[in-house]
Every structure is written in C-alpha cells, then in structure tokens.
There are 2 protein chains.
Amino acid sequence: MKIISSPLELKEQLKEVHKTVGFIPTMGALHEGHISLIKKAKEQNEFVVVSVFLNPTQFLKDEDLDKYPKKDEADKKICELSGVDILFLPSADVMYGEDEVALLAPKVRGYVLEGFSRPSHFNGVLTVVMKLLNIVNPTRAYFGKKDAQQLNLISLMVKQLFMDVEIVPVDTVREKDGLALSSRNAYLTPSHREEALKIPSSLRTASAMVSKGVLDSKEITSKMREVLAPLEIFYVEILDREFNQISHVEIGNTVILVEVKVGTTRLLDNIWL
Amino acid sequence: MKIISSPLELKEQLKEVHKTVGFIPTMGALHEGHISLIKKAKEQNEFVVVSVFLNPTQFLKDEDLDKYPKKDEADKKICELSGVDILFLPSADVMYGEDEVALLAPKVRGYVLEGFSRPSHFNGVLTVVMKLLNIVNPTRAYFGKKDAQQLNLISLMVKQLFMDVEIVPVDTVREKDGLALSSRNAYLTPSHREEALKIPSSLRTASAMVSKGVLDSKEITSKMREVLAPLEIFYVEILDREFNQISHVEIGNTVILVEVKVGTTRLLDNIWL
C-alpha cells in the first residue's frame with residue numbers, strides 16, 4: 001500500500017492507473033463500517049483508494065474538531081490489511097487555501113434535519129467531497145447509508161453538477177445489540193452506550209409497526225418518540241428517498257431517520273424501508 | 001457541425017471523441033471576440049465545442065435577462081463557419097432543477113468590483129461553468145480577458161477544487177476606435193457609443209502614464225476618473241494578477257480595471273500590464 005499526502009502527486013499517480021477505481025473518503029478512526037465500504041469497493045473495482053482527512057470546514061465554530069477521535073496508525077493498519085492500494089492522508093493546508101470557492105448545499109434539502117441544527121455543515125461536506133472526487137477521479141465512490149442526508153446531498157451534487165462518478169450507498173453496520181457503528185461511539189460512557197440502544201430500538205419499533213400494516217407517519221413517529229424518551233431528540237422523520245416529507249410510509253421508497261443527543265454526543269441512525 | 005441540446009447526450013458523444021477538446025462557453029450573441037476564442041481553440045485542440053446558454057442564475061432579480069440580445073440563427077452560422085465541431089444549445093430546464101447544489105464565490109474576491117454591485121452574480125457564473133465543464137470535460141477552456149474578474153474566479157475554482165482542465169485567457173478584441181467588443185454594445189445608441197469611447201481612452205491614458213514611469217495607483221486612477229467624467233463610475237482599480245489591490249503598478253503583474261454605466265448599460269474593460 002502506498003501512502004500519499006500531496007493532492008497533485010496523487011492525481012499524477014492515478015493518471016497512470018488504467019483500471020476501475022473505487023474510492024472511500026473518510027475522516028479516519030476507521031471501524032467495521034468503513035471496512036464494509038472498502039470490501040464493497042474491492043469487489044467492484046480493480047484499484048481502491050481510501051482518504052483519511054478530518055475536514056475542518058464541516059465542523060461549526062462551536063463544535064470541537066480537536067476532540068474528534070484520531071487513530072492514524074490504526075487506520076493505516078486497517079487499510080493495509082483490507083487490501084487498499086493507496087491511502088491518501090492530506091493535511092488541511094494542502095486541501096484548503098485562503099478565500100476559496102466553495103460548494104453551497106441546496107436551500108431546502110441542505111438545511112433540514114442535520115442541516116437544521118448544523119447550518120453550513122453540508123457546505124463543508126460537499127466542498128471536501130468535490131475536492132476529493134476531483135483529485136481521485138474514481139469510477140465509483142462509497143458512502144454509508146447511516147449518514148443518509150449526506151449520501152442524499154452528495155448524490156444530488158453529482159447529478160446536478162453532471163459529475164462523472166457512480167455513488168454507491170452501503171448498508172449500515174451494527175453491533176450485535178443493534179447500535180450503529182460510528183466513530184462517535186468512542187465518546188460514550190458505558191451508561192450512555194446503554195441509553196443509546198433506544199435508537200435502534202425505536203427503528204425496530206417503526207419497522208415492526210410497518211410490518212403490521214401501520215403506515216401513518218405521525219402514528220409511527222409518536223411511538224418512536226415514546227421509545228426514545230427521555231433522550232433529547234433533534235428529529236424523528238419519515239421521508240421518501242428524495243428526502244421529501246411523506247404522510248404515509250411508501251414501501252421501497254422510505255427512509256426513517258432519527259437523531260438524538262446521548263450525554264454530549266449527537267448520534268444518528270436510520271432505516272430504509 | 002452537430003447541434004446538441006441534451007447534456008447527457010453531449011456527454012455520451014464526447015466519450016467517443018478521443019482527441020484534445022477545446023471548449024468555449026458563451027451566452028450567445030457571438031461577435032469577433034468569441035470568434036477569436038474559437039480560433040485559439042482550433043489552433044490548440046483537435047476538436048472544438050461551443051456552448052450557447054443564456055444562464056439565468058448569473059442575472060440578479062432586478063436585471064433584465066429577457067432583454068439580453070438573442071441571435072440563435074446567426075450564432076449557429078458563425079459556429080459553422082468557424083469550424084466548430086459541436087454546438088451545445090441547452091435549455092434552462094435541462095441545466096437546472098429545483099433546490100440545487102450551487103457554487104459559492106470566494107467571500108472576498110467574489111464580492112469586490114463587479115461582485116460588489118452584483119452580489120451573487122459570480123455564484124451563478126461559477127455554477128454554470130462547473131456544470132458545463134463537467135458535461136464537456138474539455139482539455140482546455142477559453143475565456144476572454146475582458147471579463148477579467150470572471151476569468152480570475154474561474155481559474156481559482158479550477159485550482160482550488162482540483163479540476164482537470166486548462167483555463168486559457170484570450171486577449172480582448174476591440175473595434176478600430178478602441179471600444180472593446182461586447183454583446184452589450186448592442187444596447188448603445190450612437191451618442192452613448194461615442195461616450196463609451198472614454199473607457200478605452202482612460203485605459204490608454206493609464207498605459208501612457210506607466211510608459212512615462214508613473215506607477216502610483218492613486219495618481220493613475222485619479223487621472224483616469226478625469227478622462228471618464230461625467231460617466232457614472234462603478235470602479236477604477238489597479239490590482240495585481242491575483243486581484244489584490246496594489247499601491248503601485250508592477251509591470252508584468254498588473255490589471256487595470258474600469259466599469260462604468262453608459263446610458264442604462266454597464267460596460268467594463270481592462271488592460272493587463
């Protein structure tokens with residue numbers, strides 16, 4: 001595995017690679033969720049690139065970028081063992097300069113849900129993803145379904161700006177007890193971790209209701225709120241796959257999304273029905 | 001010459017073109033200035049694509065998009081006679097959808113000069129140029145030096161977002177009496193056209209002062225303002241090639257820019273020293 005930190009060097013190297021390229025952009029602190037993205041990329045492409053870059057522009061001013069878990073050595077090991085061909089490890093100063101052109105998230109879909117409590121967060125996400133996609137120029141790029149709104153906005157960007165890459169959504173990986181894997185789980189104390197199980201539990205409740213023929217969004221979300229209590233809820237929403245609110249679950253075209261605060265940590269999860 | 005109106009059809013067609021591609025994005029009403037861009041593209045590339053698209057997002061709400069001169073048939077003829085291979089003529093509804101991701105001009109360099117009196121104008125310019133560059137995926141794209149700030153911001157976008165295209169600046173084409181060619185000259189009455197000659201005259205004054213060793217920016221711009229009077233002046237600025245203000249002309253690294261209102265028409269011009 002090669003480790004490269006210069007965007008222009010990576011660009012040059014990849015010009016010599018006449019193969020299908022799968023790309024997984026990450027913020028590091030890699031876990032089984034990331035490994036499943038890498039596996040999928042290995043299956044579908046001849047060459048795999050992973051980036052680890054803790055992107056400052058997607059953190060708001062009052063959010064603690066420095067606290068985000070960093071595990072560079074473990075990340076390298078995981079990539080190596082997973083058969084990654086190139087690990088891209090840029091620093092912030094090669095990725096960003098002064099007074100830059102940036103991406104602007106859609107005025108509606110970029111400012112609901114996660115974007116409502118974190119305005120401008122998705123501008124930062126889209127900007128760094130655009131930069132990374134232009135540097136790597138992959139055949140396919142892999143994103144977890146757990147960050148469903150991020151996945152939705154990146155897919156929109158690629159379509160609306162006529163970019164040349166296939167965005168591949170990958171299923172969420174969960175612990176045995178149902179908690180979705182997230183680098184942020186590292187922040188949880190054992191008792192917070194226990195409380196966090198209310199999240200997958202609320203999604204299972206929703207899923208069970210739908211199985212029994214209950215499709216009314218309000219009925220489902222109010223039951224989910226009961227399951228989540230007393231956690232602080234940012235949102236519980238039932239949307240179609242294009243992220244429009246729907247009054248009734250449409251099987252095959254629905255995402256049910258939850259975000260809550262556990263201790264001081266925001267945790268999100270969702271199911272696709 | 002092929003005429004194509006669908007972005008995806010153009011993208012598909014160009015995938016079969018294994019040649020260097022030169023691209024000239026325009027808003028139509030083509031004149032000798034555009035023809036000089038096409039000629040340069042023909043010299044440097046094996047295949048040439050021109051787009052004619054009157055981009056709505058770069059006009060502000062109070063600006064009259066509908067009044068912009070339209071000359072579709074003449075444009076087709078000019079492209080055909082200039083040896084263009086593909087003319088791309090999309091409609092607004094295939095270029096834009098609802099609630100879209102957009103580009104955001106840099107907070108400083110995007111909001112001075114033209115961007116000061118037309119805030120958000122350059123967001124629209126960058127968004128459409130990004131879309132067009134992604135559709136055509138050219139080897140080189142050609143822009144006139146007359147719209148110097150636009151050229152500067154597009155070059156910044158390409159560099160900062162790591163895009164794969166060479167931006168080629170092309171010298172301004174002028175009438176015999178010095179007036180820079182512009183689709184907007186069509187708005188001028190004969191007496192306004194006469195007044196507009198103060199613009200190239202002010203630039204010649206600046207150039208003559210520099211030849212005589214006068215390099216002080218304030219001295220030069222105050223003389224230029226005298227030449228331009230009584231026209232309404234939006235700005236007269238002396239900048240380096242990166243668009244920073246400079247107190248003294250630096251030969252080989254300076255742009256002197258003027259924008260004025262003649263009648264109801266904004267006209268801009270500049271010289272590169």
Inset, instruction - Restrict the search to the range B:5-66; then list the GluC sites (Glu not before Pro) that DSSP places in a loop and that have at most 15 other Cβ atoms within 10 Å of their Cβ. - result: B:16, B:46, B:63
Inset, instruction - Tell me what chain A gives for mean residue ellipticity at 222 nm when only DSSP H runs of n ≥ 4 count, each as -39,500 (n - 2.57), the sum divided by the residue total, rounded to 500 deg cm²/dmol. - result: -11000 deg cm²/dmol
Legend entry - Label 7 Å beyond Cα on the Cβ vector: residue A:265 copy-to-copy distances, nm: 6.5
Inset, instruction - List the distances, in nm to one decimal, from the label point of residue A:204 to the label points of the same position in every other copy, shortest first, placing each label point 7 Å from Cα along the Cα-to-Cβ direction. - result: 8.4
Inset, instruction - At q = 0.08, 0.12, 0.13 Å⁻¹, work out log10 I(q)/I(0) for chain A with the Debye formula, treating every Cα as an identical point scatterer and leaving solvent out; two decimals please. - result: -0.33, -0.77, -0.90
Inset, instruction - Have a look at the DSSP beta bridges in the protein assembly as shown and tell me what percent are antiparallel, nearest 5. - result: 50 percent
Inset, instruction - Compute the separation of the alpha-carbon centres of the range B:38-74 and the range B:93-149 and state it in Å as a whole number. - result: 13 Å
Inset, instruction - Grab the residue from chain A whose Cβ hugs the A-to-B rotation axis most tightly, plus its distance in whole angstrom. - result: A:104, 2
Inset, instruction - May I ask for the angle, rounded to the nearest 10°, between helix B:217-228 and the longest principal axis of chain B, with both axes built from Cα atoms and the value confined to 0 to 90°? - result: 80 degrees
Legend entry - Rel. contact order, % - alpha carbon contacts under 8 angstrom, at least six apart, chain A: 17 percent
Legend entry - Inter-copy label distances at residue A:192 (7 Å, Cα→Cβ; nm, one decimal): 6.4
Legend entry - B versus A: buried accessible surface, summed, Å² (probe 1.4 Å, to nearest 100): 2600 Å²
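Strictly over 31 Å apart at the Cα level, which of A:15/B:11; A:39/B:107; B:61/B:198; A:176/A:218; B:42/B:71; B:15/B:39 would you flag in this model?
Checking Cα-Cα distances, A:39/B:107 exceed 31 Å.
If you take the alpha carbon radius of gyration of the range B:183-268 and divide it by 2.2 N^0.38 Å, what ratio comes out, to two decimals?
Values: Rg = 13.3 Å, N = 86, 2.2 N^0.38 = 12.0 Å.
Here the answer is 1.12, to two decimals.
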Inset, instruction - First check a/c for the range A:29-178, with a ≥ b ≥ c the square roots of the eigenvalues of its C-alpha gyration tensor; if it is under 1.5, answer rounded, and if not, answer prolate when a/b is larger than b/c or oblate otherwise. - result: rounded
Inset, instruction - Could you tally the net charge around residue A:218, taking each other residue with its Cβ under 14 Å from the Cβ of residue A:218, Lys/Arg +1 and Asp/Glu -1? - result: -2
Legend entry - Accessible-area value, residue A:78, 1.4 Å probe, nucleic acids and ligands omitted, Å²: 40 Å²
Legend entry - Reciprocal of mean inverse Cα separation for the protein assembly as shown (Kirkwood radius, Å): 26.1 Å
Inset, instruction - Give the accessible area for residue A:91 in Å² (nearest 10); use a 1.4 Å probe, count only protein heavy atoms, and leave out ligands, DNA and RNA. - result: 50 Å²
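The values are calculated or read from the model by the stated rules, or taken from the named source; none is laboratory data. None of these values were measured; they are calculated from a predicted model. Reconstructed Cβ throughout: ideal geometry from the backbone, glycine too, with neighbour counts over all protein chains shown. These area figures cover heavy atoms from the full protein model, side chains too; ligands, DNA and RNA do not enter into them. Shrake-Rupley method; radii C 1.70, N 1.55, O 1.52, S 1.80 Å.
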